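*Asks:* Have a look at the structure that comes next, please.
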């Protein structure tokens, strides 16, 4: 059986790449197709694959400007020649699921989200405060085409897997397809509970939709210490808005992150995510999560209304709503059990994902072969 893996782009290790990493371990002999690859930014399991890139790899300053080539990405992904493969597994949050495969090839797509840039988060990425007039005008021209292509290309997929029930609902809405839910992998063994410190923690790419600005403003209003680990296009804007109580650490190693999680007072998660691996990592460290009560957080965090709470939700993406949640947490801080919080996180362990994905792919591929045989 010839297997191909397809991923949007390889520029760093985030949630999608952690899913891809397990795929590379399960199918190490597969060829890996991607629009763009920046060597040295991925885990060894990914970097040792036979990686094949698109023409976007050779575009001007592609390593930094790749998002500007969004209108070209459908064409780039469709140019991959996958005729020789029996099984294609795509890991997609943008265009990877749009590859063209042969009728004899089974295509299973793991969806982190339908193309967020042109659906729910279009304004967050290309609104007047985020994009210049020229860039916004260009993207505006292509946005409708990209939405149409996103829906049409979804029909090429034989079976969908969603990273949460939240994303499964979006797949049903935009693509009119059902999806099996398999939660992403979290390497819970890397984390362990420790003594809580005096700081609140954010671990995130510094992107607009992450709403790190809310955490900064809330902690400034309350006079609380905040530590921010991560990098991204919003870094300079956020640093200018932050006061002396906020510490920006930039990119951190796995070992450094484990220490930050272990000793934070609580983890702040102010954005709406499709799943959200970092709140699970925080819980694997025994730390409570203060999260916006929408999206994937509702599936990974247990609120105060549940028997064994692991965090506190706030209902609106406003500073006042977040500060109220922080106060509520501080009033009930002693009621959170680090051991129970960690026990809850173990249901999202890396080995659980590995087993569920392997079993699902084997079953779907076998059913596809039987069905193809019946069709002649």
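*Asks:* Being exposed (fewer than 15 other Cβ atoms within 10 Å of the Cβ) and over 15 Å from residue 298 (Cβ atoms) is the filter here; which residues of the stretch 159-180 pass it?
*Replies:* 172, 173, 176, 178
*Asks:* Please count how many residues of the stretch 1-47 are free of Cβ contacts under 8 Å to residues at least 24 places away in the same chain and surrounded by 18 or more Cβ atoms within 10 Å (Cβ to Cβ).
*Replies:* 0
*Asks:* Evaluate the following for residue 233: is it surrounded by fewer than 22 Cβ atoms within 10 Å (Cβ to Cβ), part of a loop (DSSP other than H, G, I, E, B) and either free of Cβ contacts under 8 Å to residues at least 40 places away in the same chain or touching a helix residue (DSSP H, G or I) at 6+ places or on another chain (Cβ under 7 Å) (or both)?
*Replies:* Numbers: surrounded by fewer than 22 Cβ atoms within 10 Å (Cβ to Cβ): yes; part of a loop (DSSP other than H, G, I, E, B): yes; either free of Cβ contacts under 8 Å to residues at least 40 places away in the same chain or touching a helix residue (DSSP H, G or I) at 6+ places or on another chain (Cβ under 7 Å) (or both): yes.
So residue 233 passes the test.
*Asks:* For residues in the stretch 48-69 being touching a strand residue (DSSP E or B) at 6+ places or on another chain (Cβ under 6 Å) and touching a residue at least 24 places away in the same chain (Cβ under 8 Å), which is surrounded by the most Cβ atoms within 10 Å (Cβ to Cβ)? Outline the logic, then answer.
*Replies:* Filtering the stretch 48-69 for residues touching a strand residue (DSSP E or B) at 6+ places or on another chain (Cβ under 6 Å) gives 49-53.
With touching a residue at least 24 places away in the same chain (Cβ under 8 Å) added as a condition, the list becomes 49, 51-52.
Details: 49: 24, 51: 18, 52: 15.
Residue satisfying both the conditions and the ranking: 49.
*Asks:* Of the residues 83, 130, 116, 104, which single one is modelled with pLDDT of 95 or more, part of a loop (DSSP other than H, G, I, E, B) and in the same structural domain as residue 26 (by TED's automatic domain parsing)?
*Replies:* Working: 130 fails: modelled with pLDDT of 95 or more; 116 fails: modelled with pLDDT of 95 or more; 104 fails: modelled with pLDDT of 95 or more.
Every option except 83 fails the conditions.
*Asks:* Is it fair to say residue 295 is at positive phi and modelled with pLDDT under 95? Don't jump to the end; show me each part of the working.
*Replies:* Values: at positive phi: yes; modelled with pLDDT under 95: yes.
Judged against the criteria, residue 295 is a match.
*Asks:* Here's a follow-up. Mind checking which residues of the stretch 139-175 are in contact with a helix residue (DSSP H, G or I) (Cβ under 9 Å, 6 or more places away or on another chain) and free of Cβ contacts under 8 Å to residues at least 24 places away in the same chain?
*Replies:* First, pick out the residues of the stretch 139-175 that are in contact with a helix residue (DSSP H, G or I) (Cβ under 9 Å, 6 or more places away or on another chain): 139-143, 145-147, 149-166, 171, 174-175.
Those that are in contact with a helix residue (DSSP H, G or I) (Cβ under 9 Å, 6 or more places away or on another chain) and free of Cβ contacts under 8 Å to residues at least 24 places away in the same chain: 140, 141, 152, 155.
*Asks:* Which of the residues belonging to the stretch 1-16 are within 19 Å of residue 62 (Cβ to Cβ), in a loop (DSSP other than H, G, I, E, B) and at pLDDT 95 or above?
*Replies:* 8, 9
*Asks:* Further, regarding this structure: Can you name the number of the only condition in (1) under 28 Å from residue 18 (Cα atoms); (2) surrounded by 16 or more Cβ atoms within 10 Å (Cβ to Cβ); (3) modelled with pLDDT of 95 or more that residue 247 fails?
*Replies:* Single failed check for residue 247: (2).
*Asks:* Got a number for residues in the stretch 176-199 being assigned to a loop (DSSP other than H, G, I, E, B) and within 17 Å of the chain's Cα centre (by Cα)?
*Replies:* Taking the stretch 176-199 as the starting set, the residues that turn out to be assigned to a loop (DSSP other than H, G, I, E, B) are 176-178, 182-185, 187, 191-198.
Now drop any that are not within 17 Å of the chain's Cα centre (by Cα), which leaves 182-185, 187.
Looking only at that region, the number is 5.
*Asks:* Taking the conditions exactly as written (in contact with a helix residue (DSSP H, G or I) (Cβ under 8 Å, 6 or more places away or on another chain) and at pLDDT below 95), does residue 277 satisfy them or not? Reasoning before the result, please.
*Replies:* Values: in contact with a helix residue (DSSP H, G or I) (Cβ under 8 Å, 6 or more places away or on another chain): yes; at pLDDT below 95: yes.
So residue 277 fits the description; yes.
*Asks:* Any idea which of 202, 228 is in a strand (DSSP E or B), over 16 Å from the mean Cα position of the chain (by Cα), crowded, with 24+ Cβ neighbours inside 10 Å and at pLDDT 90 or above? Spell out the reasoning first.
*Replies:* Values: 202 fails: over 16 Å from the mean Cα position of the chain (by Cα).
Selected residue: 228, the only one of 202, 228 that is in a strand (DSSP E or B), over 16 Å from the mean Cα position of the chain (by Cα), crowded, with 24+ Cβ neighbours inside 10 Å and at pLDDT 90 or above.
*Asks:* Taking strands (runs of 3 or more DSSP E) that fall entirely within the stretch 252-329, which contain at least 2 residues that are over 20 Å from the mean Cα position of the chain (by Cα) and in the same structural domain as residue 228 (by TED's automatic domain parsing)? It would help to see each step written out before you state the result.
*Replies:* Numbers: elements: 266-269, 289-292, 311-314.
Strands (runs of 3 or more DSSP E) meeting the threshold: 311-314.
The values are calculated or read from the model by the stated rules, or taken from the named source; none is laboratory data. These numbers were taken from a predicted model, which means no experiment stands behind them. Glycine also receives a Cβ, built like all others from the backbone with ideal geometry; neighbour counts cover every protein chain displayed.
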